[in-house]
Amino acid sequence: MKKFAFILALACSLLLSGCATTFSSQVSVFHEWPTNTQDKTYIFERAPGQENNPEHKVYEDMLRSRLHSIGLKEITAGQSAALKVELKYATTLREVQYSPLWYPSIYDRYWGLHFSRGIYRHNYVYYPGYWGWPGYPRGWMDVSMRSTYLHQLEIQISEIGSNKKLADIKVSSEQLNPEISLYIPYLIDSALKAFPGKNGSTTKVELKVE
């Protein structure tokens, strides 16, 4: 029943964003993944705020299952691991003004990605004009504001002994729904779809919503 409710909520959210059957994201990959890695055992490394966080534990379980499918094995108590895995995620509200004078796109300094969807609301702003610019409009104009949510997830895999970072994968998806929990499974699947992926690449990934 819970799984059905989750799928229904996600489908409704994607329908509102104009995409009812696919989940779209941007995935950036940087890695130095060795081709002959023998020991793929790992532990999760958690930030202080993640250690006893029930939400984080749920997302970690989802990632654990996906890591197993690509050959990584979490150690049991009393064993030593070769790798450590870190999971980070966040949601950012984006609100951009549109007017007859300019038409920007969203640009995120951290992720370096452009997006174009969102919810619009209208405000009226007075433009006084500017002396010397005969083509510059003057008077009250309809200015629309667009709100959207950028859901972001990052997976880092490092060697425990040397602390060398072997993989850093960032994935982000623009959605109308602010609840990131709806999208975490798809963000994880997008990040690891072609693991380890092409080093230094940023690609668009689309997944079918089951």
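Quick note: the coordinates plus some simple rules give every number you see, no bench work behind them. This structure is a prediction, so every number in the text was calculated from the model and none was measured. Here Cβ is always computed from backbone atoms with ideal geometry, including for glycine, and neighbour counts include all displayed protein chains.
Brief remarks on what is shown
- Of interest is the spacing of the C-alpha centroids, which for region 183-206 and region 50-76 amounts to 17 Å.
- Ordering 147-157, 161-171, 72-82 by mean Cβ neighbour count within 10 Å, with the highest value first, yields 147-157, 161-171, 72-82.
- Entries of Lys170/Lys198; Lys57/Lys208; Lys57/Lys165; Lys57/Lys198; Lys165/Lys198 with Cα pairs more than 19 Å apart: Lys57/Lys208; Lys57/Lys165; Lys57/Lys198
- Label reach from Asp39 (point 7 Å along Cα→C-beta): in region 155-173, amide nitrogens under 15 Å belong to 158-164.
- Residues of type lysines that Lys73 reaches as a straight line, Cα spacing below 17 Å, ignoring anything fewer than 8 places off in the same chain: Lys40, Lys84
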